[in-house]
1. Only one residue in A163, A156, A170 is touching a residue at least 12 places away in the same chain (Cβ under 8 Å), surrounded by 18 or more Cβ atoms within 10 Å (Cβ to Cβ), over 15 Å from M202 (Cα atoms) and not basic (K, R). Which one?
2. Given (1) within 21 Å of M202 (Cα to Cα); (2) in contact (Cβ under 8 Å) with a residue 40 or more places away in the chain; (3) surrounded by fewer than 20 Cβ atoms within 10 Å (Cβ to Cβ), identify the lone condition not met by I59.
3. Given the range 156-229, what strands (runs of 3 or more DSSP E) lie entirely inside it while holding 3 or more residues that are within 13 Å of the chain's Cα centre (by Cα)?
4. What is the number of the single condition among (1) closer than 23 Å to L9 by Cα; (2) touching a helix residue (DSSP H, G or I) at 6+ places or on another chain (Cβ under 6 Å) that Q197 does not meet?
5. Mind telling me which of the residues A25, A68 ends up being out of contact with any Leu (no Cβ under 9 Å at 6 or more places or on another chain), in a strand (DSSP E or B) and among the small types (G, A, S)?
6. Return only the number of the condition from (1) closer than 25 Å to A87 by Cα; (2) in contact (Cβ under 8 Å) with a residue 12 or more places away in the chain that K132 does not satisfy.
7. Taking the range 12-48 on its own, how many of its residues are over 30 Å from M192 (Cα atoms) and out of contact with any Lys or Arg (no Cβ under 9 Å at 6 or more places or on another chain)?
8. Can you tell which of V227, V239, V203, V223 is within 22 Å of I15 (Cα to Cα), at pLDDT below 90 and not aromatic (F, W, Y)?
Amino acid sequence: MDQNYAIDLEHVTRIYKRDEFEVRALDDVTVQIPPGRFVAIMGPSGSGKTTMLNLIAAIDHASTGRVAVGGEEITGMKERDLAGWRARHIGLVFQFYNLIPVLTAFENVELPLLLTSLNKDERRKHVVTALKVVGLADRMDHYPRQLSGGQEQRVAIARAIVADPTIIVADEPTGDLDAKSAEEILGLLVDMNRQFQKTIVMVTHDLRAERYVDMVYRLDKGVLAGVEPGRRGASAEVVNA
């Protein structure tokens, strides 16, 4: 496992068993992504995109192969250790925001910090900074129902970055948004990638995303079918043995 990669998957296979059948969600996939890249994982439904994302975020486990994130191998970690590792290193963004409706934007963003040793004043500084980054400092006291879909996703992104994670993992972040809001969210992710050098891995069906990312990884039936440059044409070493 190479310490120079933010994400390092070596010969990863993920098999799910359904009754007497086995489904290979991923089949011998090897991918290395350097730090500070904004990459998209694309492909048809059922191609293994979300499975790959879940392995990177330590939400799921590989059946065979090795997974390292941030130079740390997570393949054999115990679940209790993974929970703490995930809290320190992974910021999650979902398609449907997953905001708690009875909490304000501020309180939703603060949630991950309640698991840390930060005191109230320190938490407030972090939350205000995160909401400023996403352009919603003036909406911190609003509830989700008082926000547009695009604003809700911005709150979700602020929640993902508030603990300063190593990697941001986004699962269809524009999937529930109109075209204008989707472009704004993609632009915001680019800004975070550029300004803060955050490694961002995004699963998406949105073809517009190709203009914003460094690399596009295409999956088909669990196999890495192709890799091509996106917005900046950055190189990422990929091996598909």
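The values are calculated or read from the model by the stated rules, or taken from the named source; none is laboratory data. For clarity, every value in this text was computed on a predicted model and none was experimentally measured. Neighbour counts are summed over all protein chains in view; Cβ atoms, including those assigned to glycine, are modelled from backbone coordinates with ideal geometry.
1. Unique residue meeting the criteria: A163.
2. Among (1) within 21 Å of M202 (Cα to Cα); (2) in contact (Cβ under 8 Å) with a residue 40 or more places away in the chain; (3) surrounded by fewer than 20 Cβ atoms within 10 Å (Cβ to Cβ), the lone unmet condition for I59 is (2).
3. Output list reads 167-171, 199-203.
4. Checking Q197 against (1) closer than 23 Å to L9 by Cα; (2) touching a helix residue (DSSP H, G or I) at 6+ places or on another chain (Cβ under 6 Å), the one that fails is (2).
5. Of the residues listed, the single one that is out of contact with any Leu (no Cβ under 9 Å at 6 or more places or on another chain), in a strand (DSSP E or B) and among the small types (G, A, S) is A25.
6. Evaluating K132 over (1) closer than 25 Å to A87 by Cα; (2) in contact (Cβ under 8 Å) with a residue 12 or more places away in the chain leaves (2) as the failure.
7. The initial filter retains those residues of the range 12-48 that are over 30 Å from M192 (Cα atoms), namely 13-25, 27-28.
Filter once more, so that each one left must be out of contact with any Lys or Arg (no Cβ under 9 Å at 6 or more places or on another chain): 17-22, 28.
Qualifying residue count, the range 12-48: 7.
8. Values: V227 fails: within 22 Å of I15 (Cα to Cα); V203 fails: at pLDDT below 90; V223 fails: at pLDDT below 90.
Among V227, V239, V203, V223, only V239 is within 22 Å of I15 (Cα to Cα), at pLDDT below 90 and not aromatic (F, W, Y).
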